[in-house]
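A short write-up of the structure that comes next.
Just so you know, all these numbers are worked out from the coordinates, no wet-lab data involved. Source: prediction; values computed, not measured. Using ideal geometry, Cβ is built from the backbone for each residue, glycine included, and neighbour counts are taken over all protein chains shown.
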Amino acid sequence: MNSRYSLNLGKPFGIKVSVHWTFSLLIAWIVFITVRQGLGTTQVLMHVFFILVLFLCVVLHEFGHSLTAIKLGGKVKSITLLPIGGMANITEMPENPRDEFLISAAGPMVNIVIAGLLWIYLGLFHTVDTDQMEFTTITFSNFPVILLAANLFIVAFNLIPAFPMDGGRLFRSALAMKMNRLKATRIAKDIGQIFAVMFIFAGLFFNPFLIIIGFFVFLGAKGEYEMMRYKDILNNYTVKDILMTDYERMDENDSLEDAAEKHAHTSNRGYVITADGKYAGILTKNALIKGLSVYGKKGRIKDVMNENIESVKPDMTLFDVYKNMQLNKYDMVPVKENEKFKGVLDIENINEFFMIQRAMNNITS
């Protein structure tokens, strides 16, 4: 999720928490429908406050996943709040199916604990007469009851076996205890996409948010399965297997016009930039185009090249490098060994290598 469109809320436990700008659309929608119902200002604010508290429960849900993942050896980059819920960016998930099961279960367990605490509170301090209580709007009186019910709904909804939702991940991890992870992911993906279509269909008649969730589940399942396919193949190879040592060089003081002219007659997606004959950075096609629009033809390559791309080592697995390039949106990375420049790795070359290996595997299997 692009951080440019998110508001940073802090970094508890070292995990960046942010809210995406589209969350404001949910607040606007709540205000719109409550005002349309003729509710007063106090009641409108109570509904908005309820949504904010409910999404605090969602953040705690995501921290359940995240902290469990960290405890089991995983890595978590961020948590982002969206109108349809929260999303923890677990950049490194433990591969043990049991660990994935525990991580997936941790989120719903947080909501069960919250519901339990609310139930204790209601039993000890908040007398509830459900026969007399009004539930058409949110009030101070029914607030904890509705919040309890909402947390139980979060648990029930998340346990639907629609991969990559929590229930789907629990299902995938259970399958992975009996078969290889790729096959388990394919089965979970297929079932998840069936549920996604059901969500979209239901959303046409009941709640439009179900349509958004349906598309999220459908695309998320497809994306995670594709990543697992990449992992299944690329984990068997290292950077040196497809290291590019035949590459185009340009000097950092060359003009952008020179780079554009050279690009027009080659099929290169980027260039290795040198300074005094030594590696200095990478110039990609996108950076060149952006540079031309900002500096014009007379601009210098050193003004637009990327000199801060972290280098990779020849013995790193291709999947680890591919995942990092996808995460940081790198088209090309330098390869160094003992601080000595060895060549470059291109994201398109990795994709082409993957497709070739997959095709070969299909023939031999």
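Just to confirm the number: angle between the C-alpha axis of helix 285-295 and the first principal axis of the chain, 0 to 90 degrees, nearest 10?
Between helix and principal axis, roughly 90 degrees.
What is the fewest-to-most order of Asp303, Asp320 by other Cβ atoms lying within 10 Å of their Cβ?
Fewest-to-most Cβ neighbours within 10 Å comes out as Asp303, Asp320.
I'd like the Karplus ³J(HN,Hα) series for the range 347-361: coefficients 6.51, -1.76, 1.60, θ = phi - 60°, whole numbers in Hz, and an x wherever there's a Gly or Pro.
Values, residue by residue: 4, 5, 5, 5, 4, 5, 4, 4, 5, 5, 5, 5, 5, 5, 5 Hz.
What is the spread of the Cα atoms of the range 3-159 along each of their three principal axes, largest first, in whole Å?
Here the spans come out as 51, 39, 24 Å, largest first.
Using r as the Cβ-Cβ distance of Met355 and Leu45, and R0 as 51 Å, what FRET efficiency do you calculate, to the nearest 0.05?
Result of the calculation: an efficiency of 0.40.
Can you give the angle from 0 to 90° between the axis of helix 97-125 and the longest principal axis of the chain, with both taken from C-alpha atoms, to the nearest 10?
Roughly 30 degrees between the two axes.
Over the Cα atoms of the range 239-364, how large are the radius of gyration and the largest Cα-Cα distance (Dmax), in Å?
15.4, 53
Going by amide H atoms built from the backbone, whose H comes under 5 Å of the H on Leu9, apart from near neighbours?
Val17, Ser18, Val19
At q = 0.06, 0.10, 0.14 Å⁻¹, what is the base-10 log of I(q)/I(0) for the chain according to the Debye formula with one equal point scatterer per Cα and no solvent? Please give it to two decimals.
For the chain, the Cα-only Debye profile gives -0.33, -0.80, -1.23.
Over all pairs of distinct alpha carbons, what does the Kirkwood formula give as the hydrodynamic radius of the range 163-284, in Å?
Numbers: mean 1/r = 0.0545 Å⁻¹.
Taking every pair of different Cα atoms in the range 163-284, averaging 1/r and inverting gives 18.3 Å.
For the pair Ser311/Thr136, report the inter-label distance in nm, with labels modelled 7 Å from Cα in the Cβ direction.
7.1 nm
Work out from phi, with θ = phi - 60° and the Karplus expression 6.51 cos²θ - 1.76 cosθ + 1.60, the ³J(HN,Hα) of each residue of the range 60-67, listed in order in whole Hz, and give x for Gly and Pro.
Using θ = phi - 60°, the values come out as 4, 4, 5, 5, x, 4, 5, 5 Hz.
How many angstrom lie between the Cα centre of the range 237-295 and the Cα centre of the range 65-111?
That distance is 39 Å.
Before rounding to the nearest 500, sum -39500 (n - 2.57) across all DSSP H runs of length at least 4 in the chain and divide by the residue total; then give [θ] at 222 nm in deg cm²/dmol. Could the numbers behind the result be given before it?
Values: 11 runs with 202 residues, N = 365.
My calculation for the chain gives -19000 deg cm²/dmol from helical runs alone.
On a 0 to 90° scale, report how tilted helix 166-176 is relative to the longest principal axis of the chain, with both axes built from alpha carbons and the result rounded to the nearest 10.
Taking Cα atoms only, the helix is inclined about 60 degrees.
So who's got an amide H within less than 5 Å of the one on Glu92, skipping anything under 5 residues away but keeping other chains? H placed 1.01 Å off N, in plane.
Close amide H contacts, sequence-distant or interchain: Lys75.
Going by amide H atoms built from the backbone, whose H comes under 5 Å of the H on Phe163, apart from near neighbours?
So Phe163 has HN proximity to Gly168, Gly192.
Give a quick list of chymotrypsin sites (Phe, Trp or Tyr not before Pro) in the range 165-206 that DSSP marks as loop, anything other than H, G, I, E or B, with at most 13 other Cβ atoms within 10 Å. Can you show the working numbers first?
On the way: sites: Phe171, Phe195, Phe199, Phe201, Phe205, Phe206; in loops: Phe206.
Sites meeting the loop and neighbour criteria: Phe206.
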